[in-house]
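S.K.: Encoded as structure tokens, here's the structure I'll be asking about.
The values are calculated or read from the model by the stated rules, or taken from the named source; none is laboratory data. Remember, predicted model here, so these are calculated numbers, not experimental data. Here Cβ is always computed from backbone atoms with ideal geometry, including for glycine, and neighbour counts include all displayed protein chains.
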Amino acid sequence: MLRTIRITLALVACVVVLHPDARARQTGRNAQPIDPIAGILDAFSSSPVVALDEGDHGNEQGHAFRLSLLRSPNFPKVVNDIVMEMGNSRYQWEMDRFVSGEDVPLLALRKVWHDMTTPDTTADVPIYEEFVRAVRSINTSLQPEMRVRVLLGDPPTDWERVQTPDDLDGWIDMRETFSASLIRREVIAKKRKALVIFGGMHLQRKQLYANYESTGLAETLLSRLESIAGMRVFNVWTNTRADLVKLQPSIASWRVPSLALLKGTTLGAADFTFYAPAPPARLGVINGTFFPVPKDQWRSMQMEDQFDALLYLGSPSNITYARLSRELCRDQAYVAMRTSRMRFLPPPEVERFKKECGL
């Protein structure tokens, strides 16, 4: 039971169902679009940490926006660090060397993504390597003290020591607490500023899956960080699923991409499950043990209490996703590695991988 919950939470972006009753009565003024790059950089004036949800992992529109943000001339003037979910921290030294312009063998660099704690292919698509290469390119034109550092936010999982489900569970259990401690140590304590790029369910203030509790096993990265650092993070939800026009028809005319502040708006008043992956069950935690919460006890929460802003990437029907490269699918060593590790996942995940690679 416990392992099933851990794997489900780790792969939340892969199984998404929007709650059918999510659109309750809406109140508030219409949200207004603002320039997303200026809006995110301005947020650093009130918080040293701005957390940007990826949207569904692997979406190409979110990746394109992050590249535009990174390439803004003002970005390195405001931001010191980028903290990425997609990167095994065991290879932080290699990443530091790479973004500083040093030569790092390709096989060593790709371990950053291939050795992620979650054993699926999420981090193996090309966009994450492309983003890091863009950081490296930008750093070549900057003085050393201005260069942007990439911090790897995934626990330092050692796959050579993962033989059983329990071995993997130990690393999965660290995902929220490790990244929060990393940010406190490397960013907050050093008085730096960081853009944190993670999946949105790590960035909610209250854990939907735990019926909006966020302590102990129900902590999220964001709730943990705000607790241990004694600060408020400015967090941004990237919309790739919800049809926002159903809440506010004028959104159909917004420029893509746009940013909207949520407080006091129609978008902010919507129930969080209008936007988020909605689980078929919710779980409470007592003394480290999960138990099902009866549906008549399920709580509701407005979006504005979970996130401060929303990044609009256009209609969900226009969202596209990166795929594994042909080069990678032809790499027999990679295929053997990934197939072996996916034994910890449900069979449909393995079949999806085989189909994508034509195996």
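S.K.: Select from segment 152-179 the residues that are of a type in the set (A, V, I, L, M) and either assigned to a helix (DSSP H, G or I) or in contact with a helix residue (DSSP H, G or I) (Cβ under 6 Å, 6 or more places away or on another chain) (or both) and list them in ascending order.
M.R.: Hits for segment 152-179 are LEU152, VAL162, LEU168, ILE172.
S.K.: For segment 142-160, name all the residues that are more than 24 Å from the chain's Cα centre (by Cα) and within 14 Å of PRO119 (Cα to Cα).
M.R.: Passing the criteria: only GLU160.
Matching residues to (1) modelled with pLDDT under 95; (2) β-branched (Val, Ile, Thr); (3) more than 16 Å from VAL49 (Cβ to Cβ):
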{"residue": "ILE183", "(1), (2), (3)": "no, yes, no"}
{"residue": "GLY200", "(1), (2), (3)": "no, no, no"}
{"residue": "PRO249", "(1), (2), (3)": "no, no, yes"}
{"residue": "ALA252", "(1), (2), (3)": "no, no, yes"}
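S.K.: For residues that are of a type outside the set (D, E, K, R) and in contact with a Pro (Cβ under 8 Å, 6 or more places away or on another chain), scanning just segment 180-213, find the one that is farthest from ASP56 (Cα to Cα).
M.R.: Taking segment 180-213 as the starting set, the residues that turn out to be of a type outside the set (D, E, K, R) are 180-183, 187-189, 194-204, 207-212.
With the extra rule that they be in contact with a Pro (Cβ under 8 Å, 6 or more places away or on another chain), the set shrinks to 187-188, 194, 201, 208-209.
On the way: VAL187: 26, ILE188: 28, ALA194: 21, MET201: 10, LEU208: 17, TYR209: 17 Å.
Looking at the filtered set, the residue picked out is ILE188.
S.K.: Could you please tell me which pairs satisfy a Cβ distance under 7 Å, a separation of 6+ or placement on different chains, a first residue in segment 322-350 that is more than 15 Å from MET116 (Cα to Cα), and a second residue that is small (Gly, Ala, Ser)?
M.R.: Going by the 7 Å Cβ cut-off, the qualifying pairs are ALA322/GLY58; CYS329/GLY358.
S.K.: Can you pull out every residue in segment 91-118 that is in a loop (DSSP other than H, G, I, E, B) and either among the β-branched types (Val, Ile, Thr) or more than 25 Å from GLU176 (Cα to Cα) (or both)?
M.R.: SER100, GLY101, GLU102, ASP103, VAL104, PRO105, THR117, THR118
S.K.: Limited to segment 177-198, what total is found for residues that are free of Cβ contacts under 8 Å to residues at least 60 places away in the same chain and crowded, with 23+ Cβ neighbours inside 10 Å?
M.R.: Total meeting the criteria: 1.
S.K.: Among the residues of segment 239-259, what is the count of those that are touching a helix residue (DSSP H, G or I) at 6+ places or on another chain (Cβ under 7 Å), outside any loop (DSSP other than H, G, I, E, B) and within 22 Å of ALA278 (Cβ to Cβ)? Spell out how you get there, then give the answer.
M.R.: Here is the first cut: in segment 239-259, the ones touching a helix residue (DSSP H, G or I) at 6+ places or on another chain (Cβ under 7 Å) are 240-245, 247-248, 251-252, 257-259.
Among the residues that remain, those that are also outside any loop (DSSP other than H, G, I, E, B) are: 244-245, 251-252, 258-259.
Keeping just the survivors that are within 22 Å of ALA278 (Cβ to Cβ) gives 244-245, 251.
Count: 3.
S.K.: Quick check on my filter: what residues within segment 308-328 are surrounded by 18 or more Cβ atoms within 10 Å (Cβ to Cβ) and not aliphatic (A, V, I, L, M)?
M.R.: Scanning segment 308-328 gives ASP308, TYR312, GLY314.
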